[in-house]
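To start, I am sharing the structure in question, which I have written as structure tokens.
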Amino acid sequence: MADVLPALDDQRPAGGKRSSKRDLILNVFLAQEGHVSADDLVERIHREDHRISRATVYRTLQWMVAAGIARKVDIGEGRFRFEHSYRHPRHFHLICKVCNRSSEFLSSDIDVLIEEIAAARNFSAHQSVLQIYGTCEQCRTGRPPTVDGGTTELLFARDALRIAIATERSGLEFYVRAAKAVRETRGRLLFERLADGERGQLARLEARYQKLLATDPLLEARPTFLFFKGAANGLFAAGGEQVARGIADEEAVAIAIKCERASHRFFKRYGEKFEDSEGKQIFLEVAREERSHLEMLLREYRATSRRRPRRRRVPAAPRMRRAEA
Ligand SMILES: [Zn+2]
Ligand SMILES: [Zn+2]
């Protein structure tokens, strides 16, 4: 926990002096996974130091909510619970009405739908809460789950890496196919260079994934946290099929631009939305990588369309758009 505190120092209230009580409460709170009630927290604090009053714990909780360190969650019990938001992205909940346990997930498809609905109603949305009530597997079958949810931050990083790896893999496959499909040396060399870039990136991501797995032996088996239907790897797969049918160099570059642009947008958009976390960093890193591929392709596209006599109308050379900068 020692690495957490310095980063939170600047979030202390103005004029708030370092308080060892507050640090203790903060540390105990941040060490909890899941959703704790104020009373749970008081009980845990008292195990550490019984002189800290209930009022101090409540006040510190209020401060943590105001400082964005804690979030209030209403899981329908008639009282609030608290979860930490530090390196913990906003998420949705599945709540069992029998045992009151909840599990967390994130789905960007749901986020997108909520944005579309709000936009259609001209509504400025600040926050959305989705609670799915029902009965968990354990309460239904009597069998305890083989693995529990684990630490959300780790799950988030794991899933972000899985999505990034799947995208890089399909990107690599796309460029390998494109390098074989194009007719000119120039195009082949470009696609080979991009394939090498994807290979390097893939190796780095896979090494990072292995390193993450080493921190939790059950991590691979834990439930999915991040759900994506329209992830970027599908774009490259579709592009790869187009390219494999045999294609002019310029068209292959145009398809690659379309894929990289969509992929860049996907990782940047979600990376920016997530709260600070390793998962967020992974998304933003992939976005930067995709952007550099996109720039390389755009340069090539402009160079070849300048060089080549127009046999047919080619679409206007795509440019970087402001949102991609
Ligand atoms: Zn249950
Ligand atoms: Zn939660």
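The values are calculated or read from the model by the stated rules, or taken from the named source; none is laboratory data. Everything numeric here is computed off the predicted structure, so don't read it as measured data. Positions of Cβ are generated from backbone atoms using ideal geometry, with glycine treated the same way; all protein chains shown enter the neighbour counts.
With the condition kept exactly as written, say whether any residue in the range 54-71 is part of a strand (DSSP E or B) and either under 18 Å from THR152 (Cα atoms) or modelled with pLDDT of 85 or more (or both).
Filtering the range 54-71 for residues part of a strand (DSSP E or B) gives 70-71.
Those left that are additionally either under 18 Å from THR152 (Cα atoms) or modelled with pLDDT of 85 or more (or both): 70-71.
Looking for residues that are part of a strand (DSSP E or B) and either under 18 Å from THR152 (Cα atoms) or modelled with pLDDT of 85 or more (or both), one finds at least one in the range 54-71, hence yes.
From the list THR135, THR146, which one is within 16 Å of ligand 1 (Cβ to nearest atom), modelled with pLDDT of 90 or more, surrounded by fewer than 17 Cβ atoms within 10 Å (Cβ to Cβ) and over 24 Å from LYS280 (Cβ atoms)? It would help to see each step written out before you state the result.
On the way: THR146 fails: modelled with pLDDT of 90 or more.
Exactly one of THR135, THR146 is within 16 Å of ligand 1 (Cβ to nearest atom), modelled with pLDDT of 90 or more, surrounded by fewer than 17 Cβ atoms within 10 Å (Cβ to Cβ) and over 24 Å from LYS280 (Cβ atoms), namely THR135.
A further question on this structure: Going by the conditions given, is SER128 at pLDDT below 85, more than 13 Å from ligand 2 (Cβ to nearest atom), of a type in the set (Gly, Ala, Ser) and assigned to a loop (DSSP other than H, G, I, E, B)?
Numbers: at pLDDT below 85: yes; more than 13 Å from ligand 2 (Cβ to nearest atom): yes; of a type in the set (Gly, Ala, Ser): yes; assigned to a loop (DSSP other than H, G, I, E, B): yes.
For SER128, the condition - at pLDDT below 85, more than 13 Å from ligand 2 (Cβ to nearest atom), of a type in the set (Gly, Ala, Ser) and assigned to a loop (DSSP other than H, G, I, E, B) - is met.
In contact (Cβ under 8 Å) with a residue 24 or more places away in the chain and under 14 Å from HIS293 (Cα atoms): which single residue out of LEU205, LEU172, LEU219 fits that description? Let's see the steps before the verdict.
Values: LEU205 fails: under 14 Å from HIS293 (Cα atoms); LEU219 fails: under 14 Å from HIS293 (Cα atoms).
That would be LEU172, the only listed residue that is in contact (Cβ under 8 Å) with a residue 24 or more places away in the chain and under 14 Å from HIS293 (Cα atoms).
Can you run down the residue pairs with Cβ atoms below 6 Å, 6 or more apart or on separate chains, where the first is in the range 136-159 and within 30 Å of GLU278 (Cα to Cα) and among the hydrophobic types (A, V, I, L, M, F, W, C) and the partner is away from ligand 2 (no atom under 16 Å from the Cβ) and not in a loop (DSSP other than H, G, I, E, B)?
VAL147/ALA221; ALA157/LEU212; ALA157/GLU278
Further, regarding this structure: Any idea which residue in the range 102-116 is modelled with the highest pLDDT, counting only those that are closer than 28 Å to PRO144 by Cα and surrounded by 18 or more Cβ atoms within 10 Å (Cβ to Cβ)? If you could, list the steps in order and put the result at the bottom.
We begin by selecting, within the range 102-116, every residue closer than 28 Å to PRO144 by Cα; these are 102-107.
Then drop every residue that is not surrounded by 18 or more Cβ atoms within 10 Å (Cβ to Cβ), which leaves 102-106.
On the way: SER102: 84, SER103: 86, GLU104: 87, PHE105: 90, LEU106: 87.
Checked the range 102-116; the qualifying residue modelled with the highest pLDDT is PHE105.
Of all residues in the range 61-98 being more than 29 Å from the chain's Cα centre (by Cα) and more than 16 Å from ligand 1 (Cβ to nearest atom), which is surrounded by the most Cβ atoms within 10 Å (Cβ to Cβ)? Don't jump to the end; show me each part of the working.
Step one: filter the range 61-98 for residues more than 29 Å from the chain's Cα centre (by Cα), giving 77-79, 98.
Remaining after also requiring more than 16 Å from ligand 1 (Cβ to nearest atom): 78-79.
Values: GLY78: 6, ARG79: 10.
In this case the residue turns out to be ARG79.
Could you check how many residues of the range 98-122 are within 16 Å of ligand 2 (Cβ to nearest atom) and aliphatic (A, V, I, L, M)?
Of the residues in the range 98-122, 2 are within 16 Å of ligand 2 (Cβ to nearest atom) and aliphatic (A, V, I, L, M).
A quick yes/no check of all residues on (1) out of contact with any strand residue (DSSP E or B) (no Cβ under 8 Å at 6 or more places or on another chain); (2) in a helix (DSSP H, G or I); (3) within 15 Å of ALA238 (Cβ to Cβ); (4) among the hydrophobic types (A, V, I, L, M, F, W, C):
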site: ILE165; (1), (2), (3), (4): yes, yes, no, yes
site: GLU173; (1), (2), (3), (4): yes, yes, yes, no
site: VAL176; (1), (2), (3), (4): yes, yes, no, yes
site: ARG188; (1), (2), (3), (4): yes, yes, no, no
site: LEU194; (1), (2), (3), (4): yes, yes, no, yes
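A follow-up question, please. Any residue in the range 84-100 that is at negative phi and part of a loop (DSSP other than H, G, I, E, B) sitting within a Cβ distance under 7 Å of a residue that is among the aliphatic types (A, V, I, L, M) and within 9 Å of ligand 2 (Cβ to nearest atom)? List the pairs, counting only those 6 or more apart or interchain.
Within 7 Å, no pair qualifies.
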